[in-house]
Each structure stands twice: as structure tokens, then as C-alpha cells.
Amino acid sequence: MNETGHQVLVEQDVLRRRLDDGALPEWAVQHYETFRETMLGDDDGAPFPCYFGVESERNGDALYTFVDSMTDKDALLALRDTLVEYLDVYRDYSEAASLVAFFKPPERDLTEADYHEHLWHILQFLHVHDPEPWPDEIPTDPDDSTWEFSFGGEPIFPTTRAPFYDERQSRYCPWGLEITFQPRSLFDGLTADTEAGQKARAVIQNRLEAYDGVCPHADLGDWGVDGDREWPQYMFSSDESQAPDECPIRVTREHPKVPIVSADDTMSPADD
């Protein structure tokens, strides 16, 4: 953790020092500063809806990484390696240690459909290059209410922000794709079948309406609740015609799917 470069796992204090030292590319600075302002600021007096995210940023609990591309194999292998490292350390780091991944802005404006496609390409890539088998307790069918994206043997809830949201400012990021990876273990005691989980859901939904100025998205639901599905919540649709009708990821228990290599292994001498 906290190695040099920006495609690495980094904690908040180190990240902020690198910002002050000018050690990060400008796009990375813009991404993180906008994220921090969103988490700790408000919209016409309404705080950001996810108070867990707000407190994580305020208290320095989150971990971060920057990804040079949404499609380049080496960049996505570097993300895979960072996610592996994150899963190895997050429990000891903080009980609220999510991983926030900021992606380099695209060279051209993208449609909502483009961003859905990029998200599922990234998750499919991570699945194919996962160093661990798919968890036995998680079904492989995304239409199952207990399905959840998994990596490194752990169920994970990845939530996104992107530039295409005209409404739902809580999901808006002007610079490009942003994915926050949250292992299911971070939600222990906060599921829909617990009193604490029901209270947390009510608070977040009330804050969502105040912050976004619209009703919570129709796809908002709870893991394991009959009729609710996880996958549409990873990137809420703004225009339903541009969102996938079925979950685009194809999950198998076959393992490994490809030889396990790191991003460094794929670099040629000219890239060093």
C-alpha cells in the first residue's frame, strides 16, 4: 500500500500529500477533489445521501486508486492487482474501508449506454482474471436475489457515479467513471432483515429525495429480498432505453479462466 505512482492502493493522508506535492496527473486531482467536495459538501443544504460514505471520507477510512483506462488490459490488470491488495488489508485498516476507483476521463463524450458497457466490461474483466474461485454461497445467476458481484472470494457491492446523470446528483461525476467497491462484510448488521438496516435505508432514502430532488430510483432495493436485484443498482439508469435489459456479465465457477498474471508481467521493456 502507498507505493509510488497513481495506479496503486493509497490511503487518504498519503493521497492528500501527493496532491499537495503535484505528484498526481491533473485528471486524478480533479477526480478526487470533486469526490471529496461532494462527500463533505451539500446541495442546497442537503447533505450527500450515503452518510456511511460521508463519514468514511471525513474520518479517512476509505482507500483509493486511479485507473488509466476503462478498456486497456494493463490498466485493468493494475486495478485487479489493487483490488486483490485491498481485500487483503481492508479488514485491518478500518471497519468502513471501501475502495474508491477513479478512471481517467475518456477522450470524447460518451453516452449513457457507453458507460453501462464500460462498467460491465470492467466487472467481466475482473471476473475473468479473478485469482480466486467464485464463492460457493453466491449463485452465478444475476436474476437470483442473492446474487452479487464477487471477486477474490468475497461478495462485493460496486456502486458508480458518471457524467450522464442530469438528475440524481448523488450519482453525478463530471470527470468520468467512478466505482466504489464495498465488500458485503461492510454491511454486516445493516441488511434489510435487521432493525438497524431498516433505519439506515429510511435515512438514506429521505436524504436521497432531498439531495436529488426526485424519488429514489425504482431499482433501489436490498440484497436477498425477493424481487430485488443487485445488478441494476451498480449503475442506475437515467434513460432506460440506454440501460441493459439483462445483466451483461457472464459468471462461471470454472477457475482459473485465464493464466493469473499481474500488470507488471504484461509490460514490455519499453514500458518500464
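Beta carbons closer than 9 Å, at least 6 apart along the sequence or on distinct chains, pair a first residue in region 213-239 that is on the phi > 0 side of the Ramachandran plot and assigned to a loop (DSSP other than H, G, I, E, B) with a second that is aliphatic (A, V, I, L, M) and modelled with pLDDT of 75 or more for Gly213/Ala46.
Which residues, taken from region 158-173, are within 12 Å of the chain's Cα centre (by Cα) and either modelled with pLDDT under 95 or β-branched (Val, Ile, Thr) (or both)?
Going residue by residue through region 158-173, those that are within 12 Å of the chain's Cα centre (by Cα) are 158-162, 171.
Listed by number, the residues that qualify are Thr159, Thr160, Arg171.
Report whether or not Gly176 is surrounded by 13 or more Cβ atoms within 10 Å (Cβ to Cβ), at pLDDT 90 or above, assigned to a loop (DSSP other than H, G, I, E, B) and of a type in the set (Gly, Ala, Ser). Taking the combined requirement at face value, the residue satisfies it. Taking the conditions exactly as written (more than 21 Å from Cys247 (Cβ to Cβ), small (Gly, Ala, Ser) and modelled with pLDDT under 75), does Ala192 satisfy them or not? No, not satisfied. Under the condition of being out of contact with any helix residue (DSSP H, G or I) (no Cβ under 9 Å at 6 or more places or on another chain) and farther than 25 Å from Asp212 by Cα, the residues counted in region 23-71 number 3.
Checking each residue in region 20-70 for being at pLDDT below 95, in a loop (DSSP other than H, G, I, E, B) and of a type in the set (D, E, K, R) picks out only Asp44.
If you check Asp13 against the conditions, is it assigned to a loop (DSSP other than H, G, I, E, B), over 25 Å from Asp264 (Cβ atoms) and at pLDDT 95 or above? Spell out how you get there, then give the answer.
On the way: assigned to a loop (DSSP other than H, G, I, E, B): no; over 25 Å from Asp264 (Cβ atoms): yes; at pLDDT 95 or above: yes.
No; evaluated as a whole, the condition is false for this residue.
The condition of being touching a residue at least 40 places away in the same chain (Cβ under 8 Å) and touching a Gly at 6+ places or on another chain (Cβ under 7 Å) holds for only one of Glu148, Glu85, Glu132, that being Glu132.
Taking the criterion of being under 24 Å from Arg171 (Cα atoms), touching a residue at least 60 places away in the same chain (Cβ under 8 Å), touching a strand residue (DSSP E or B) at 6+ places or on another chain (Cβ under 7 Å) and not aromatic (Phe, Trp, Tyr), the residues of region 7-52 that qualify are Gln7, Leu9, Glu11, Ala28, His31. Look through region 81-125, keep the residues that are assigned to a loop (DSSP other than H, G, I, E, B) and acidic (Asp, Glu), and return whichever of them is surrounded by the most Cβ atoms within 10 Å (Cβ to Cβ). Here the residue is Glu95.
In region 30-49, how many residues are of a type outside the set (Phe, Trp, Tyr) and surrounded by 20 or more Cβ atoms within 10 Å (Cβ to Cβ)? Spell out the reasoning first.
First, pick out the residues of region 30-49 that are of a type outside the set (Phe, Trp, Tyr): 30-31, 33-34, 36-47, 49.
Then drop every residue that is not surrounded by 20 or more Cβ atoms within 10 Å (Cβ to Cβ), which leaves 31, 38, 49.
Here the count works out to 3.
The values are calculated or read from the model by the stated rules, or taken from the named source; none is laboratory data. Given the structure is predicted, the values throughout are model-derived calculations rather than measurements. Every residue, glycine as well, gets a Cβ built from its backbone with ideal geometry; the counts of neighbours run over all protein chains shown.
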